[in-house]
Every structure is written in structure tokens, then in C-alpha cells.
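Bear in mind that the values in this text are calculations on the coordinates, not laboratory data. Bear in mind the structure is a predicted one, so any value in this text is a computation, not a measurement. Here the Cβ is made from the backbone with ideal geometry for all residues, glycine too, and neighbour counts use every protein chain on show.
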Amino acid sequence: MLSECSNVKRPVIEVPSLQPAGSVPWETMQTVAEEQVVPDEVEAAGTQVGRRVILSMLGLGALGLLAGPRLQDAFASSVSSDFASLLPSGGRFRIYTVVGFLPERSKDAYRLTVTGMVERPLELNYEALTKMAPTSITADFQCVTGWRVPDVPWVGVRLADILDAAGVQPGGAALRFTSFDGVYTESLTMEQARRKDVIVAYSMEGGDISSPHGGPVRLYVAPMYGYKSIKWLDGIEVTAAVEPGYWELRGYDVDAWVGGSNRRSDAPTA
Amino acid sequence: MTWTRGSAGRTVGAMLRPPDEAGTPTTFGGSVVRFHGAERMLHWGIAALFGICMLTAAALYFDPFAALVGRRATVKTLHVYAGLAIPAVLVGMGIGRWGRPFRADAGRLNRWTKHDSRWLRRLGRDPFVPQGKFNAGQKLNASFTAGAIVLIVATGVVMRWFDPFPLWVRTGSTFVHDWTAFALLFTIAGHISYAFRDPDALRSMVNGTISREWAARHASLWRLPSEDDNSRT
């Protein structure tokens, strides 16, 4: 990267270039050039520095592979979050969407429907959700792609409470979640859904859930990888069997326990 | 930027043939082939693929961009295959008869002479340090880029087809992939800025030829191909 040709402004050979174009025969040029010419072939005798550079980089790469996780953590804790957000590092949320836009819906326009194998299909607005008994959870958020955000506080309603309000029919063994992005889906078994640390969340980090983070309402499945915590949640359907969600149809595990799935060994988040 | 001769409108076949000497505007002494057709196709092919990789990386990585572009599954696929295409183009354009000029240049870039050390000590500011076809800076840049491509492609493969790899390899790969790409972004920016500072050199990556005057001035140790022998560069 040092130079394409850095002596552009200070030409070696002034003499020929001062002559009117075309008036200096090529032989003259050659004579001037030959004064300092060692033929090109001397390069063949040079040391193979290029190869050494490449091999050194591979060595550094191997070191980085070994030390990477530790360096990453040290780096993330030593710089300000504003700066870190511009550099490759972990410890912060990354905004993933599977559609070509950022889904947005106001609290006023928000509706959550509960349908399928239930006694009483529900349509809950934002206010109705926030009036139900709140549950607070503070836990690490672990993405299956590797990043982890420590100690994220969430507030929401237990999914079990919403299911009880709707009344699950016999044979309702699983849940299918839809997003108002129109594409993303997720799934849980009934047993997983009834855990205490699975909530329909409407608050994160002490405030509303912003649109990039899946607001105004998203699912938060504390013990599982982030892809289970569907963003922009707008529909819960009780089904007889698990229907794999968006990323699960693309290779991720349906039962996404942190540290116990997707061939990852992260520390559990719940 | 005005081009005296552009590549626009030329067929691929014409690109692959050594450029003709006639009609190339030069001051005197004619021009020489600096980059053959296959080398230029390789260069611009990789440039385009690198551009795709960087844009898709931004869409996968930087939150404002990620939120704006979305379509994570598609962007990811595009990123992976554009990245894999880079070594494919390097190998495809570097093998066989048409790859000979590229292999010759790779050999030049690999070798380091006492002039290169002198050049580097003065950071190219000493006009009396003779250089071959490529100066010491270009040699280091080429080696760095080659090493970076190996690292990024290898770690990218681990990130994409992660199943057989233990977690620490996957985390380490992400770390190496991100930081190498980050460094490469800067060296490529440097490469482009130097190219724009020397329009003659940049033009030769488009039409292949450069004036003998330029060659004598900036690459005096480069054994120039003679008028009737364009096959060796």
C-alpha cells in the first residue's frame, strides 16, 4: 500500500522529458536508462520476502485464532461503546432483520393475537399487555453467531399467563409465532413456552423496546439463542406439533438451548 | 477522469489479446505492455468481487446499514459466494498459458532486492533508488493482500460451514476474519488513492500499456519487452 509509484513528482530522468515529444530517439532513452540498469532478472536472485510476509501473516492468523476470544473481550471492555460500535468487537447488540426494511409499528397500532387450538382467541393491545402482571428478567443475550450482551434487563408478561388467559385446548402441544415483518416465524414446545423465563417483552434496558430491537413487543426466551426471541411479535398460534421457524428451516436447531445446541458450548444464559 | 483509451466497448477476446502498440498515445519511444488482458480481467474481477464483499459486509455488520438493507439470508449468501469467487478468479486467471504474465508478475512481487530495502528506508522519497517493474511498497501490498485473502477465505469458510468446528475455532475465526478484513479495507483504500495519484499507471490497468518514458522513470530495472515481443512482460 505504500506507493503505486511515489517518485512521480521527482522524476529520475529529467533529460529526455525536457526534450520536445518525439524528438529524442529511443536509443537515447535506452542509454539513459541503461546507466543504472541491472536487468530485471536480478530480481530472481532477491530474497522471497513476499513469501515470508504471507507465511508470517498465516502465523499471525493462527495466533489470532487462539487468542482471539480473549483479545476480543479485553478490547470490548477497554474502549468506549461508541468507538467499539465502529470496530469489529463483541459485547453489543447487532441488528439483524431478514426482510428488506425495518418493521415499525406504534404502541397504539400494536395488536397481539392468540389463535389456534385455544378456548378463547385473544387480541391484546399494548395497554392490555402492560396491565398484566409484569415479570423482570436480567440475563445475558447470546446470539448463535457468537456475540453476547451481558446483563440485559427485560420486562414483560409471562407467556404462560397469556396462554392461560386464552385457555389451551387439549392436544395443543406447541406454539408458532409470527412477526409483523411478514416473514420471520418461530416455534416453541408447550413445555418450553410455560417456563418462567419466557416472556412477551415490552421493555428492555429500562425503556421501551425500540424498533431495531423488535419493539414495541417481542418474545424473550432467556435460556435459548437469540433467534428464538422473535422480534416484532404479532401472532401466537397454538398448534398440535412444532413447526420449525425461519432460521430452523435454514439449518439452526429447533431446541436452541444456549450451550446445548447448534454445536456451541457457550455458558448458559438462564 | 478522462481516459485516452478505455476498455468500454471492447470484447472479452480483445481484452485477452495483448494490446496493440499502434494508436496508443505516448510521448516518444512508444509504449510497452504493463498488464496483459488476463491480468487486467483478474484485477477488475477481483476489484468488483471485493466491492461486493465490502458492501454486503457493511449490510451484515453495521447496525444502521443492517437495518436499512435487511434481507439477511440473501445478503449473507451473496457475501459468502462473492468471497469464495475471489480465490477462484485468482486461480482461474493465473493458470494456463494466459496466466503466464500474472505468474511472472507474482514472481517479481515476491522477490526483494537491496534496492527495495533502500527504497523502503526512504519510503519512496529518494528518486535515485532504482526499482523494478514494481516498487517495494507495491511488493509489500501485494504480499499483504495475498496473505489476507488466504486468512479471510479460510476463516470465512469456518464461519459459514461451522458444524465440524469447535466453538473456540469459530470465535477465533470470526475475530481473525473481522480484523483482517478491517485492515484490508485500509490497504485497499491506500492502493486506490495511489492509483489516482498516477493516472498513467491507473490507465495501464485499463488498457494495458504504459509509455516507455514512464517505465524508464519509475521502473528503470524492469527489463522492458521489446517492440516485437509482447509475450514477455
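Here the peptides B:159-169, B:210-220 are ranked by packing, the mean other Cβ count within 10 Å, and the order with the highest first is B:210-220, B:159-169. Taking every C-alpha pair closer than 8 Å and separated by at least 6 residues, the mean separation divided by the residue count of region B:118-224 gives a relative contact order of 36 percent.
Size descriptors for region A:83-235, from the alpha-carbon set: Rg then Dmax equal 15.2, 53 Å.
Summing charges over all other residues whose Cβ lies under 13 Å from the Cβ of residue A:114, with Lys and Arg as +1 and Asp and Glu as -1, gives -3.
Give me the percent of Cα-Cα pairs in region B:137-223 that sit more than 18 Å apart, rounded to a whole number. Percent of Cα pairs beyond 18 Å in region B:137-223: 59. Other residues lying with their Cβ under 11 Å from the Cβ of residue A:255 contribute a combined charge of -2, Lys and Arg counting +1, Asp and Glu -1.
Over the Cα atoms of region A:147-207, the radius of gyration divided by the Kirkwood radius equals 1.01; this is the Rg/Rh ratio. Take the Kirkwood radius over Cα pairs of region B:81-155, plug it into Stokes-Einstein at 20 °C and 1.002 mPa s, and you get 154 µm²/s for translational diffusion.
Rounded to two decimals, the Cα radius of gyration of region B:78-230 over 2.2 N^0.38 Å is 1.24. Pairwise alpha-carbon distances in region B:65-112 exceed 14 Å for 66% of all pairs.
For region A:170-270, taking the reciprocal of the average inverse distance between every pair of different Cα atoms yields a Kirkwood hydrodynamic radius of 13.8 Å.
Peptide B:192-201 is shielded by partner chain Cβ atoms: per residue, an average of 3 of them sit within 10 Å of its Cβ. Only Cα pairs under 8 Å and 6+ residues apart enter the sum, and on that basis the relative contact order of region A:148-249 stands at 36 percent.
Reported to the nearest whole Å, the Cα centre-to-centre distance from region B:91-124 to region B:133-184 is 21.
For a straight C-alpha distance cut-off of 26 angstrom, the lysines reachable from residue B:133 (same-chain residues fewer than eight places away being disregarded) are A:9, B:114.
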